[in-house]
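Just so it is clear, none of the values below were taken in a lab; they were calculated from the coordinates. Everything numeric in this text was worked out from a predicted model, so none of it was measured. Note: ideal-geometry Cβ built from the backbone for every residue, glycine included; neighbour counts use all protein chains shown.
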Amino acid sequence: MLNNDIIKQKLIEKFSDQLTDWDEPYDMLTFTVPASLNLKLLQFLYDDTELNFQFLTDLQAVHYPDKKGAELAVVYHLHNLVDNLRIRFKVFVDIENPNVFSATALYRSANHMERETYDFYGVNFIGHPNLIRILNVEEMDYFPMRKEFPLEDQSRIDKDDEMFGR
Amino acid sequence: MSNRPVQFNNHIKFEGIPEGYMGEGFMATNLEKVVSLARKNSIWPLPYATSCCGIEFMATAASHYDLARFGAERMSFSPRQCDLIMVMGTIAKKMGPILRQVYLQMAEPRWVMAVGACASSGGIFDTYSVLQGIDQVIPVDVYVPGCPPRPEAILDGFMKIQDLVNAEGLRRRHSDQYKELLSGYGIQ
């Protein structure tokens with residue numbers, strides 16, 4: 001029966017010490033991958049007859065403004081539907097140069113999720129067939145979920161008194 | 001044998017006859033008054049409901065509060081035949097152009113009612129994705145406050161619209177002032 005230890009062992013066998021930050025919060029195997037390896041890892045997890053991670057549950061980003069040089073984390077959630085096991089891994093990239101290889105060739109479902117991640121965090125998915133905004137208005141010229149942008153709409157002028165803290 | 005008395009409504013309210021000169025078999029009055037009288041008692045609303053205020057509107061239109069009493073029996077879901085667009089709920093920035101297009105498809109004279117805090121000002125959704133009041137894209141005649149407003153408030157707003165319709169001059173929509181208002185929104 002497949003379990004976290006076997007998965008970890010197989011991944012270390014294949015990728016040796018390139019995978020780091022191993023953790024198991026709430027029994028879910030979590031680790032970090034260098035940005036250059038994300039597709040190789042996805043392909044290995046997909047193709048390996050024992051691992052069978054053939055379902056991409058979720059893909060999104062997190063902004064850590066204090067991690068200089070690795071501000072943006074792209075997080076992948078995978079599901080093995082046969083053994084009902086889930087894993088998660090993160091890819092950290094520099095916010096100045098947020099290039100990550102697109103997983104659309106392997107998972108069709110990555111298409112919209114990568115567009116959404118681009119829309120809100122500005123992650124540039126290399127190889128994505130149509131990397132344009134999906135939820136926000138097309139005219140928007142910034143990535144609203146990055147921490148330097150306040151939640152409130154900055155374009156309005158009628159809420160600038162002390163009641164609204166502007 | 002039932003001895004329950006038969007009851008029927010004998011408190012029917014009539015609109016007053018407009019001022020004018022009357023004689024046997026004829027009446028002369030102001031055309032504007034007659035048109036206003038007809039218009040204000042047969043407003044066809046277009047419910048543009050996007051969230052919880054829309055639920056309050058459903059109560060307003062149903063039998064208990066009965067918007068039909070005001071001559072607004074006929075909800076229209078085509079903007080072309082509507083007199084009043086009732087915008088009820090949060091309007092996201094992405095929906096702004098759609099709301100504007102619906103407004104443009106309505107024939108003059110047309111009125112706009114912003115129901116609830118979100119349609120009036122963005123409400124609690126002071127955020128990058130929400131339009132901060134529909135008056136950023138179309139001119140609004142009546143604002144109904146509340147989050148959401150009670151049906152009585154929506155009815156009160158509707159009666160304010162009726163007052164506006166009643167006071168509407170026949171030539172107002174041709175005036176330079178009105179054209180200036182519309183061009184302020186980039187219309188025409």
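Filtering the range A:12-39 to residues that are over 18 Å from the mean Cα position of the chain (by Cα), exposed (fewer than 12 other Cβ atoms within 10 Å of the Cβ) and in contact (Cβ under 8 Å) with a residue 12 or more places away in the chain leaves only A:ASP27. Taken over the range B:91-126, residues that are closer than 13 Å to B:GLY146 by Cα and either of a type outside the set (A, V, I, L, M, F, W, C) or in contact (Cβ under 8 Å) with a residue 24 or more places away in the chain (or both) amount to 10.
Listed here are the helices (runs of 4 or more DSSP H) enclosed by the range B:76-188 that have at least 2 residues being surrounded by fewer than 20 Cβ atoms within 10 Å (Cβ to Cβ) and within 14 Å of chain A (Cβ to nearest Cβ): B:96-105.
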